[in-house]
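See structure below.
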Amino acid sequence: MSSIDRILEQTLAGNRLSVEDCVALYESDQIEKMGHAANQMMLRYHPDPITTFVIGRNVNYTNICDVYCRFCAFYRAPGSKEGYVLPDETIFQKIQETIDVKGTEILMQGGTNPDLPFTYYTNILREIKARFPEITMHSFSPAEIMKMKEVSEGLTLEEVVRALHEAGLDSLPGGGAEILDDRTRRKISRKKGSWTEWMDVMKTAHRIGMNTTATMVIGFGETYEERAMHMLRVREAQDECIRAGHPSEGFLAFISWTFQPDNTNLKAEKLGAEDYLKNVAISRLMLDNIKNFQSSWVTMGPEVGKQSLHYGCNDFGSTMIEENVVSAAGTTHKVNIGSTLDLIRQAGKIPAQRNTRYEILRMFDDENVKVENDFVMQN
Ligand code: SF4
């Protein structure tokens, strides 16, 4: 039995992957075996052949940012003539349009805008929830939360997160994790914040009863060991949440993709589909305490997205209407809801629309039923 077979067998028997095992898997090219094992792990949480997706919209409320990530084509520096903050009415209109196509989730995501006071966030959340009580606000990455803490002038991190939650923030997306290791983070931006800051925001959210997600981006020139440490840190935080009995499910999902170096100021070798699929499989095996793994078809393309459903993913992510942060670097793949259903079916799965908590809202198990409110994504 090869060492890879042994690692996979032991993992499926309940022995958790160590950092060394993880590195051995990255060094191996036996990705089909890893995919098969990851699929087995996925089936423990999701025995039915269903692939879920959420209909949501990414509202980039501001492009002003003072983190200056070297890969980001979206941001404008404070004071730039091209900087914007969307008028409140525009945000409301985008939410209404989302609800009109049976969307349930809004991902407000922007730069870390030093000119917006903390009350901007609590006021807009309250106003959104008053107008659209049915919408789920899955918004603001840890970097934005840290900026809110800074502009709040004196609130603790917990007070900031609590105030946002009380104003209407339902859950936190895990954007900006990149690689949870400070060597890589400093390469991306000197102002990126440490991995512990990212994790502190997530742990605080879990403690006060909010769910979050975790992301991972590979391809910044990180070592395999650094990738393994990223996963270990997420796994330990999830263990901590479960052990403490926090009123939250912790990380509800894990989402990874590869860094797309084209049109960016960060030079790196572009990783391919195999690197992505291997990472999906290894993360599913390593993170045995996280239920849902999202496919990253927006970045990786629909065909690879389809393949990832056989490497441990059970979810097709969001049929997002806007994705300006990714599309500014030129990698948006436009998919309408009809194509989402087609791709999931082509992968041999039954599509189902879910909400942000991963509860199924409607099944698309009859291929002859026409999709109502089909829409084409627009930027
Ligand atoms: S990726 Fe986000 S934090 Fe980094 S510069 Fe762009 S908007 Fe700012």
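Suppose we filter Arg227, Arg235 for residues that are under 21 Å from Ser171 (Cα atoms) and not in a loop (DSSP other than H, G, I, E, B); which single one remains? Before the answer, list the steps.
Values: Arg227 fails: under 21 Å from Ser171 (Cα atoms).
Exactly one residue qualifies, and that residue is Arg235.
The set of residues in the stretch 223-252 being closer than 22 Å to Arg354 by Cβ and out of contact with any Gly (no Cβ under 8 Å at 6 or more places or on another chain) consists of Val234, Glu249, Gly250, Leu252. Within the stretch 116-135, if we keep just the residues that are surrounded by 13 or more Cβ atoms within 10 Å (Cβ to Cβ) and of a type in the set (A, V, I, L, M), the residue that is farthest from the ligand (Cβ to nearest atom) turns out to be Ile135.
Could you tell me which residue of the stretch 69-103 is nearest to Val54 (Cα to Cα), considering only residues that are part of a loop (DSSP other than H, G, I, E, B) and more than 16 Å from the ligand (Cβ to nearest atom)? Talk me through it step by step, then tell me what you get.
Looking only at the stretch 69-103, we keep the residues that are part of a loop (DSSP other than H, G, I, E, B), and these are 69-75, 77-84, 86-87, 101-103.
Now narrow it down to the ones that are more than 16 Å from the ligand (Cβ to nearest atom): 81, 87, 101-103.
On the way: Lys81: 35, Pro87: 26, Val101: 12, Lys102: 10, Gly103: 7 Å.
Only one residue fits best here, namely Gly103.
Tell me, which residue of the stretch 3-21 that is of a type in the set (Val, Ile, Thr) and in contact (Cβ under 8 Å) with a residue 24 or more places away in the chain is surrounded by the most Cβ atoms within 10 Å (Cβ to Cβ)? Steps first, please.
Keep residues of the stretch 3-21 that are of a type in the set (Val, Ile, Thr), which gives 4, 7, 11, 19.
Right, trim to in contact (Cβ under 8 Å) with a residue 24 or more places away in the chain and you get 4, 11, 19.
On the way: Ile4: 18, Thr11: 22, Val19: 16.
Step by step, filter the stretch 3-21, then rank; the result is Thr11.
Among the residues making up the stretch 48-84, those that are more than 23 Å from Trp297 (Cα to Cα), of a type in the set (A, V, I, L, M, F, W, C), touching a strand residue (DSSP E or B) at 6+ places or on another chain (Cβ under 9 Å) and buried (at least 16 other Cβ atoms within 10 Å of the Cβ) are Ile64, Cys65. Within the stretch 150-169, one or more residues are of a type in the set (S, T, N, Q) and more than 24 Å from the chain's Cα centre (by Cα). Being surrounded by fewer than 18 Cβ atoms within 10 Å (Cβ to Cβ) and under 25 Å from Pro247 (Cβ atoms) holds for only one residue in Glu166, Glu144, and it is Glu166.
Need at least 1 residues that are polar (S, T, N, Q) and touching a His at 6+ places or on another chain (Cβ under 8 Å) per element, so show me which helices (runs of 4 or more DSSP H) inside the stretch 112-224 make the cut, counting only ones lying wholly within it.
On the way: elements: 118-131, 142-151, 157-167, 182-188, 195-207.
Correct list: empty, since no element meets the threshold.
Checked against (1) within 30 Å of Ile360 (Cβ to Cβ); (2) within 16 Å of the ligand (Cβ to nearest atom); (3) free of Cβ contacts under 8 Å to residues at least 60 places away in the same chain, Asn113 meets all criteria but (1).
Going through Ile64, Ile31, Ile50, Ile55 one at a time, which residue ends up being in contact with a Lys or Arg (Cβ under 7 Å, 6 or more places away or on another chain) and at pLDDT below 95? None of the other options fit; the residue is Ile55.
Got a sec? Which of Thr204, Thr215 is under 25 Å from Phe53 (Cα atoms) and surrounded by 18 or more Cβ atoms within 10 Å (Cβ to Cβ)?
Numbers: Thr204 fails: under 25 Å from Phe53 (Cα atoms).
Thr215 is the lone residue from the list that is under 25 Å from Phe53 (Cα atoms) and surrounded by 18 or more Cβ atoms within 10 Å (Cβ to Cβ).
Tell me yes or no: at least one residue of the stretch 193-201 is away from the ligand (no atom under 15 Å from the Cβ) and touching a residue at least 12 places away in the same chain (Cβ under 8 Å). For the stretch 193-201, residues away from the ligand (no atom under 15 Å from the Cβ) and touching a residue at least 12 places away in the same chain (Cβ under 8 Å): present.
The values are calculated or read from the model by the stated rules, or taken from the named source; none is laboratory data. A quick note: this is a predicted structure, and the numbers were derived from the prediction, not measured. Note that we place each Cβ from the backbone using ideal geometry, even for glycine, and neighbour counts take in every protein chain shown.
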